[in-house]
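Each reported figure results from applying straightforward, stated rules to the coordinates on display, with no laboratory input. Computed from a prediction, not measured in an experiment: that's the story for all the values here. With ideal geometry, Cβ positions are generated from the backbone for all residues, glycine too; neighbour counts draw on all protein chains shown.
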Amino acid sequence: MGTIGIAAPSSGEPATGLLRRTCADLLRRLEAERDRWILWLPVALGAGIALYFELPLEPPLWVAFAMIGAGLVLLGASMAGLPVRPMAIVVIAVGAGFGAVTWRTAQTTAPVLARNYGPAAVEGRVVEVTLLPEGRRLVLDNVVLRNLRPEATPARVRISLKGGAGDRLVTGDRISIVATLSPPPGPAAPGAFDFQRFAWYARLGAVGYANGTPTVIAAGQPSGIVMWVDELRRRLSARLVAALPGDAGALAAALIAGDQSGISKDTMQAMRDSGLAHLLSISGLHISFAALLVMGLVRYGLATVPLLALRFPIKKWAAVAGVLGALFYTVLAGAPVPAQRSFLMLAIVLLAVLTDRTAVTMRLVCWAAVIILLVLPESLVGASFQLSFAAVVALVAAWEAWQPWRARHADLAPTLAGRVARHVGASLFTTLVASIATAGFSAYHFNRLSLVGVFANLIAVPLTGIWVMPWALLALPLLPFGGEAIALVPMGWGIEAIMWVAREAASWPAAATVTPALPGASLWLLTLGGLWLCLWRGPWRWWGVAPAVLALLLGPLQRPPDIMVSGDARLVGVRTADGGMLLSSGRIERFTADSWVRRAGAEQAGLWPVGTESADGRLRCDALGCVYRRAGGRIAIVSKVEALVDDCGAVDMLVSLVPVRRRCPTVQQVVDRFDIWRNGAYAIWMDDAGVVRIENTRHARGDRPWVPKPETRPRAADVRAP
């Protein structure tokens, strides 16, 4: 147990002997860490959920019951003396995760708009109002769409409003508005973020924009705790922005109410490039600050009364107050997944305080993960869940590893300078640990890594905890009396300092680097390596470094596509010889274009040449389309039907943005407008030998409930009789 590796085979030792010794060595290591086995329970749950999302077809619920049944059979066998109990629990947990997400998918089934709608009247009840830098975004339920039957009408729709339209709307109002709606868009590329899957679990059946101003049909009051909290958050955000104009107020709304919508694009980009964007997402840092502040105020307040301090457990009373304060803050922030996870762990920590047990352990993280994965299993595939749990698991593992050193030096009495150095060192170390733990996941989801985050966080995190959050806590009780400016003005000074740090750090050379898209295998390897490194305690934990490093090495081995086509065939991008990208337009499909550029590992994209060829000679365009050359292969990109006459017989592959209604017998492969309409966005590779490989978002995702099935015309059952 004292070495990391497995003993090398002796000379002449048969392979079967080596295999037996290796298995025996692994079993000894596992037995030595029996108390850590429970920590793999949420991993087994997550494996079942991940297996569900990897399937190409929607599975029936009985598959989960079959898994659980198999696990119960193994459990019964263990009672008969067979050593299969750990395997039985793993199988049951995998089946439970698989069943939880299968059931959740069925429960969130709701109609999705089959085709574009409007401009036409949309009627519904406002259930969510989000402030944006350029206007507002509404979510409506109880929707009525003209000429659509109720069973074909989306349960919820999201509409964006420009300027000051809808500035007096409140949650609960029933409104009518002329809007243009469309089905939720698919991924920008195979493997990119799947908004349709996100919309499915949010029961969001259509998105769009307003063509006019909303008319209130019936003024309403928020009904239900969720709508009431949403309206409270909206009004709170408006008060904060009014007291602190500009980005300072927008950041205050993000820190207090969890509303990031008002932050300008430049400030948000600076926060990302400097590694400070996590401060804007209500998570463990904020929940912990809020709970500690409440606990400190209550405990030291009670300590001033000797009668209470000497006779009652004021520490436990303060812990209860801390839980209630953290719960209020979590609800006020809209209860995002990181905040839910943080509150659960904090509640368990303070429960340990109430029962006189050790507070910070990996088991707390384990049970928080179990609860979230059972209640919201789809959160597993979201960046928020992965980043937050990666950081927390790594920090708790580092804390556990630090405990022996702390115990050996417990008797030392450091000087004031030593205590300051210890706190600064701890802040730097925790920032470093969290940055390393989340770096791979950030590269996978956002194709961006911050290289100066450690230095920026060393200033910004203590500033947030020592100055900004106390003033935020004081501002809340002052709001009903209109005296919030007393606390918000000094809070704004701290926020301005944080924004200055973000802008300065982001301006450093190579502050952030763009990384090419990582394959799905990288996410699996990162997760496995990180968990192995953090959940075990013995020297063999360092085996987890190998898969984590391999995950990052897979990125450079994966070549970005040579040609990208958007799901609506309005935008095409081609890869240049130097790894850059040229786009057919710089004015449309900007979100899609940004996704392509990031996934290609480029900083920005250029535009197609007009009437000439690109600098690398790969792309030549005219008024009818373009021809892309790579080595000995040629791909025609047709934008006008007239080009089909010449291109049908002169290229290896045809990508047509218009329907191809004629045969092209000499062309190896044809992708036309009908194919794009059916299958979504396309990615095309051509190797040096001219061999073409094609992927599209439909085939990459499989036949799942959130993947729409194309129809040639409206279903008669969906259309309401006039």
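Extension gain for Glu642 to Arg203 (0.36 nm times residue separation, less C-alpha to C-alpha distance): 153.7 nm. Once the Cα-Cα distance is subtracted from the 0.36 nm per residue extended length, the Ala309 to Asn116 segment shows a gain of 62.8 nm. Each residue of the stretch 174-179 was assigned a 3J(HN,Hα) from its phi angle through the Karplus curve 6.51 cos²θ - 1.76 cosθ + 1.60 (θ = phi - 60°); the sequence is 9, 10, 10, 8, 7, 8 Hz, with glycine and proline shown as x. Counting only whole DSSP H helices of the chain, the ones at least 18 Å long by C-alpha along their axis and with mean Kyte-Doolittle hydropathy no lower than 1.6 are 62-79, 337-354, 362-375, 520-535, 545-557.
A simple spin-label model places the labels of Asp703 and Trp524 2.3 nm from each other, with each point 7 Å out along Cα-to-Cβ.
For the pair Arg661 and Phe328, a Förster radius of 51 Å applied to the C-beta separation gives a FRET efficiency near 0.20, rounded to the nearest 0.05.
How high is the relative contact order of the chain? Use alpha-carbon pairs under 8 Å, at least six apart in sequence, and give a whole percent. Relative contact order, the chain: 12 percent. Over the stretch 117-222, the reciprocal of the mean inverse Cα-Cα separation, the Kirkwood hydrodynamic radius, stands at 14.0 Å. You can think of it this way: the chain between Thr355 and Trp500 has 47.8 nm of extra reach, that is 0.36 nm per residue less the Cα-Cα gap. Label separation (Thr213 vs Ile436): 5.8 nm, computed from points 7 Å beyond Cα along the C-beta direction. With both labels modelled 7 Å from their Cα along Cα-to-Cβ, the Ser176 to Glu400 distance reads 6.2 nm. For P(r) over Cα pairs in 20 Å bins from 0, in percent, pick the label among (i) 15, 35, 31, 16, 2, 0; (ii) 20, 49, 27, 5; (iii) 14, 44, 34, 7, 0 that corresponds to the value derived from the coordinates. The calculated read-out lines up with (iii).
With R₀ fixed at 41 Å, the C-beta to C-beta distance from Trp542 to Phe65 puts the FRET efficiency at about 0.55. Of all aspartates and glutamates in the structure, those lying under 20 Å Cα to Cα from Lys315, and not within fewer than 8 positions of it along the same chain, are Asp356. The Trp493 and Arg590 beta-carbon pair, evaluated with R₀ = 41 Å, returns a calculated FRET efficiency of approximately 0.70. Bridging of Lys640 to aspartates and glutamates at a Cα separation below 15 Å is possible for Asp622, Asp672, once same-chain residues fewer than 8 apart are set aside. Restricting the stretch 493-593 to trypsin sites (Lys or Arg not before Pro) that sit in a DSSP loop and have at most 12 other Cβ atoms within 10 Å of their own Cβ leaves Arg587. Its Cα centre serving as origin, the chain has a Cβ charge dipole (Lys and Arg +1, Asp and Glu -1) of approximately 1080 debye.
In terms of packing, defined here as the mean over residues of other Cβ atoms within 10 angstrom, the peptides 277-284, 638-645 line up highest first as 277-284, 638-645.
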